[in-house]
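*Asks:* So that we are looking at the same thing, I have put the structure below in structure tokens.
Here, each number is a calculation from the coordinates, and none is a lab measurement. Nothing here was measured: the structure is a model prediction, and the numbers come from that model. Using ideal geometry, Cβ is built from the backbone for each residue, glycine included, and neighbour counts are taken over all protein chains shown.
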Ligand code: NAD
């Protein structure tokens, strides 16, 4: 890949510069990294038309050929981790190590999705009749990705949608379009023209995409608020939707944990990618027996974690990705300060350029405080004391969100029994944030509709068709 070349959209296999552009900022410096094409309605129409034209040929291609191409695309990403990593750090802010991990994950995600099998159900095989239900592609998928993990979250969609025989128009977030545009260029060297189109643009492009009559399904990852808009807009032509939305993941830390052993893991459950993870631990309930020692261990570990420009060696956490999110996180910190909550670490304002927020841990704020009730999506964690299991389960479940949760304890069976009582799409015991291309992942309640990954995720890119033959 040539990372020095201008950024272009990929439409019908061709590089399209577009007639308008917008600037992409480096969140560590607030300097322009590059400009990206700002797709017009005509550009989007061209991308949808290219995807529609490619659909008959691609869906008729034997699935094993599609599988092989997706696998190759995964290899191509893995072969260029170095180049993608630098670009991802520049536009997203995460450290080079985390960016390399994401690019590697994106490659592995495609390769993992490429191994999935579409099931066929034989309903009847009798003297009178043979009947089977198979799963056929939907057509053109409009895929919309957020800015926290721009590449890997796009791959959650690309692999299964294409494997199932759909074609796609992929739209990255305006805050992080560059690595996805380069991925589109890479894909154009491997996939037939029009199978994967990438368009970038500002705030007008998402609504155009979700209301476009040439799109059959919208696969969306982003906030719950935008998810509602997507669903409303998709209803006009009854588009299928998969919505991966926000969360306010609880971690429940039981009395029997080994504090020294879990402190670092709990820290990263909350602070990986600066807390900008849909499945980050966003409220940590700690049993009163271990509250004090765990609090100290978390703070001691937090002091060892360097925050700064992700392109500089040694910085583990970078800035918040963009100004609106930075303001949201600062507002929550301000609210905690004004309410007089105790800060165990962090909470101070930064006076350097870039959207930096220090690692911040708040000591036992009330259950109804904003920092406990809202999705912070930043490096600010409330630690909350509990004493009763039924009470903490009720508090964990008292949320409109239900994305992820974790339970931590030495007695695995006891922890598992609690996990079964949590209303979240995923619950981890003694770990957090682990996902795989082979297991269904999605939200309960207002954290989403449908799932990604696994066979269940693959099936979301299909519709069931039953064919019956009378003998
Ligand atoms: P966002 O909702 O602001 O934007 C997501 C995407 O939607 C972007 O590409 C954006 O340009 C586009 N968009 C904005 N308005 C649109 C509209 N009206 N119609 C169609 N598209 C529109 O979310 P974000 O700030 O980029 O991401 C952070 C949020 O995403 C958090 O709430 C986080 O929890 C959630 N998230 C969820 C998952 C998951 O898998 N469940 C994963 C990552 C992030």
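*Asks:* Kindly rank 340-350, 25-35, 117-127 from highest to lowest mean number of other beta carbons found within 10 Å of each residue.
*Replies:* 25-35, 340-350, 117-127
*Asks:* Next question. Where both partners of a DSSP beta bridge lie in the chain, what percent of those bridges are antiparallel, to the nearest 5?
*Replies:* 45 percent
*Asks:* Further question on the same structure: Using only Cα atoms, tell me the angle between helix 259-271 and the longest principal axis of the chain; keep it within 0 to 90° and round to the nearest 10.
*Replies:* Around 50 degrees separate the two axes.
*Asks:* Using packing as a proxy for protection, rank 105-111, 431-437 so that the peptide with the highest average count of other Cβ atoms within 10 Å comes first.
*Replies:* 105-111, 431-437
*Asks:* Then there's this: How many angstrom lie between the Cα centre of the range 288-305 and the Cα centre of the range 57-124?
*Replies:* After rounding, the separation between the Cα centres reads 38 Å.
*Asks:* Still on this structure: Where does the chain land at 222 nm, in deg cm²/dmol rounded to the nearest 500, when only DSSP H runs of n ≥ 4 count, each adding -39500 (n - 2.57), divided by all residues?
*Replies:* -12000 deg cm²/dmol, from helical runs alone.
*Asks:* Now a separate question. Using only Cα atoms and rounding to the nearest 10 degrees, what angle (0 to 90) does helix 288-302 make with the longest principal axis of the chain?
*Replies:* 70 degrees
*Asks:* Something else now. Do you know the relative contact order of the chain, to the nearest whole percent, from alpha carbon pairs under 8 angstrom that are 6+ apart?
*Replies:* Details: 1124 pairs, mean separation 88.1, N = 471.
Here the relative contact order equals 19 percent.
*Asks:* Follow-up question, since we're still on this one. Can you give the extra length, in nm with one decimal, that the chain gains between residue 349 and residue 417 once fully stretched, where that is 0.36 nm per residue apart less the Cα-Cα distance? Let's see the in-between values first.
*Replies:* Values: separation 68, 0.36 × 68 = 24.48 nm, distance 4.17 nm.
Stretched fully, the residue 349-residue 417 segment lengthens by 20.3 nm.
*Asks:* By DSSP, what percent of the beta bridges with both residues in the range 314-431 are antiparallel, rounded to the nearest 5?
*Replies:* Beta bridges within the range 314-431, antiparallel portion: roughly 25 percent.
*Asks:* Give the residues of the range 124-153 whose amide nitrogen is closer than 11 Å to a point set 7 Å from the Cα of residue 469 in the direction of its Cβ.
*Replies:* Answer for the range 124-153: 129-132.
*Asks:* Full-extension gain between residue 398 and residue 327, please, as 0.36 nm times their residue separation minus the C-alpha to C-alpha distance.
*Replies:* 22.9 nm
*Asks:* By per-residue mean of other Cβ atoms within 10 Å, what is the highest-first order of 171-180, 199-208? Each step should come with its number before you reach the end.
*Replies:* Numbers: 171-180: 25.8, 199-208: 19.5.
The densest-packed peptide leads the list: 171-180, 199-208.
*Asks:* Considering Cα pairs under 8 angstrom that are at least six residues apart, work out the relative contact order of the range 249-436 and quote it in whole percent. Working shown, then result.
*Replies:* Values: 353 pairs, mean separation 51.3, N = 188.
After rounding, I find 27 percent.
*Asks:* Compute the distance from the alpha-carbon center of the range 419-471 to that of the range 190-204, in whole Å.
*Replies:* Here the two parts' Cα centres lie 26 Å apart.
*Asks:* Hey, another quick one. Angle between the Cα long axis of helix 41-60 and the longest principal axis of the chain, 0 to 90 degrees, nearest 10?
*Replies:* Roughly 70 degrees between the two axes.
*Asks:* Going by a ≥ b ≥ c, the root eigenvalues of the Cα gyration tensor, does the chain fall in the rounded group (a/c under 1.5), the prolate group (a/b larger than b/c) or the oblate group?
*Replies:* oblate
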